[in-house]
Amino acid sequence: MVCSVETVSEPEIPKPVPVAIESSTSALLIVDMQNDFCDPKGKLFVPASVSTVQPLKNLLSKARKAGVRVFYTQDWHGPNDPEFAIWGEHALAGTWGAEILDQLKPEPEDVVVKKLRYDGFYGTSLDHLLRLYGVKNIVITGTVANICVLHTAGSAALRWYNVYLPVDCVSALTDFDMKIALRQISFLYRGILTTSDIIDFRP
Ligand code: ZN
C-alpha cells in the first residue's frame, strides 16, 4: 500500500478524562514556560501559550497544596547553539528571554532543570531526581506541544513513567501541531489526556 499524505484523515483523539493520582508519587512538570516562548516580546512567541497560564496557575496551586513535587524545564542555550540554525536565537542563557514567566515563578523547593534539547531528560538530572523522589506519575504541561512537550512526554513514557497531559495547559503554534502531539502522546506513549480542573491529587 502506498502512503498518501494528500488524503490523510485525522485519527480520533481521546476526550479528556478525570484523573485521580497519588500526591506522594506524582510530579507536576512545567516545560519551557519562558519569556521567549510565552511573552509577546519573546523571540519565539507561541500566542496560544497565553491562555494556558491561568489553568497552569490553578494546577500549580492545587499541586502545591497537595504536596506534589513541582519540576520545571528551562530551555538554556549558549551562544551559537546548533539549535539556532533551526529556530533562530532563543532562550539564551542568562537573558530575560530564558527566564521562566513571572506568573509561574518557581518556589525555592521546586526543581528547575536546564536543558539543551527538546527532551527534558536528555543530558539532565531529571530522571535521577524523579526516581530519588519516588515519582511514578508525571503531569506534563507547557510548550511547545509537538516539540519539547512531546519529546519530554515520550522520553518519560519510554522510562515507564505514567504520563498525564492536561490539554488546557499545553500550547502549540498551530492546531495541526497540537493534534500531532496529542495523537502521539495518547496513542504511542499511552499518556492520559485530561484537563487541569479534573485532575485530583489524592493522599
Ligand atoms: Zn531550544
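The values are calculated or read from the model by the stated rules, or taken from the named source; none is laboratory data. All values derive from a computational prediction rather than experimental measurement. All Cβ positions, even for glycine, are placed from backbone atoms using ideal geometry, and neighbour counts span all protein chains on display. Remember, those area values only see protein heavy atoms, side chains included, never the ligands or the DNA or RNA. Shrake-Rupley method; radii C 1.70, N 1.55, O 1.52, S 1.80 Å.
This table checks each residue for (1) touching a helix residue (DSSP H, G or I) at 6+ places or on another chain (Cβ under 7 Å); (2) in a strand (DSSP E or B); (3) open to solvent by less than 60 Å² (accessible area, probe 1.4 Å).
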residue	(1), (2), (3)
V53	yes, no, yes
Q74	yes, yes, yes
H90	yes, no, yes
G94	no, no, no
G97	yes, no, yes
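Considering the conditions (1) open to solvent by 10 Å² or more (accessible area, probe 1.4 Å); (2) over 26 Å from P82 (Cα atoms); (3) of a type in the set (G, A, S), G123 is excluded by exactly one of them, (2).
Could you tell me whether segment 32-39 includes any residue that is in a loop (DSSP other than H, G, I, E, B), at pLDDT 95 or above and over 18 Å from D168 (Cβ atoms)? Working first, answer last.
Going through segment 32-39, the residues in a loop (DSSP other than H, G, I, E, B) turn out to be 32-33, 39.
Restricting the remaining residues to those that are at pLDDT 95 or above gives 32-33, 39.
Among the residues that remain, those that are also over 18 Å from D168 (Cβ atoms) are: 39.
For segment 32-39, residues in a loop (DSSP other than H, G, I, E, B), at pLDDT 95 or above and over 18 Å from D168 (Cβ atoms): present.
Consider A85 carefully, then state whether it is part of a helix (DSSP H, G or I) and either touching a strand residue (DSSP E or B) at 6+ places or on another chain (Cβ under 9 Å) or surrounded by 15 or more Cβ atoms within 10 Å (Cβ to Cβ) (or both). So A85 does not fit the description; no.
Given the conditions (1) within 16 Å of the ligand (Cβ to nearest atom); (2) within 26 Å of A157 (Cβ to Cβ); (3) assigned to a helix (DSSP H, G or I); (4) open to solvent by 10 Å² or more (accessible area, probe 1.4 Å), and given that N58 satisfies all but one, which numbered condition is not satisfied? With (1) within 16 Å of the ligand (Cβ to nearest atom); (2) within 26 Å of A157 (Cβ to Cβ); (3) assigned to a helix (DSSP H, G or I); (4) open to solvent by 10 Å² or more (accessible area, probe 1.4 Å) applied to N58, the lone miss is (1). The set of residues in segment 153-168 being open to solvent by 10 Å² or more (accessible area, probe 1.4 Å) and either in a strand (DSSP E or B) or closer than 13 Å to G142 by Cβ (or both) consists of N162, Y164, V167, D168. If only residues of segment 6-55 that are within 16 Å of the ligand (Cβ to nearest atom) and polar (S, T, N, Q) are counted, the one that is nearest to F201 (Cα to Cα) is S49.
For residues in segment 83-94 being more than 10 Å from the ligand (Cβ to nearest atom) and free of Cβ contacts under 8 Å to residues at least 12 places away in the same chain, which is farthest from A153 (Cα to Cα)? Out of the qualifying residues, it is G94.
In the set (1) open to solvent by 10 Å² or more (accessible area, probe 1.4 Å); (2) out of contact with any Leu (no Cβ under 9 Å at 6 or more places or on another chain), the condition left unmet by S171 is number (1).
Here V50 fits the description: among the β-branched types (V, I, T) and under 19 Å from K105 (Cα atoms).
Going residue by residue through segment 101-113, is there one that turns out to be outside any loop (DSSP other than H, G, I, E, B), surrounded by fewer than 16 Cβ atoms within 10 Å (Cβ to Cβ), within 14 Å of the ligand (Cβ to nearest atom) and without any contact (Cβ under 8 Å) to a residue 40 or more places away in the chain?
There is no residue in segment 101-113 that is outside any loop (DSSP other than H, G, I, E, B), surrounded by fewer than 16 Cβ atoms within 10 Å (Cβ to Cβ), within 14 Å of the ligand (Cβ to nearest atom) and without any contact (Cβ under 8 Å) to a residue 40 or more places away in the chain.
Among the residues of segment 138-152, those that are assigned to a strand (DSSP E or B) and within 13 Å of G120 (Cβ to Cβ) comprise I138, I140, T141, G142, T143.
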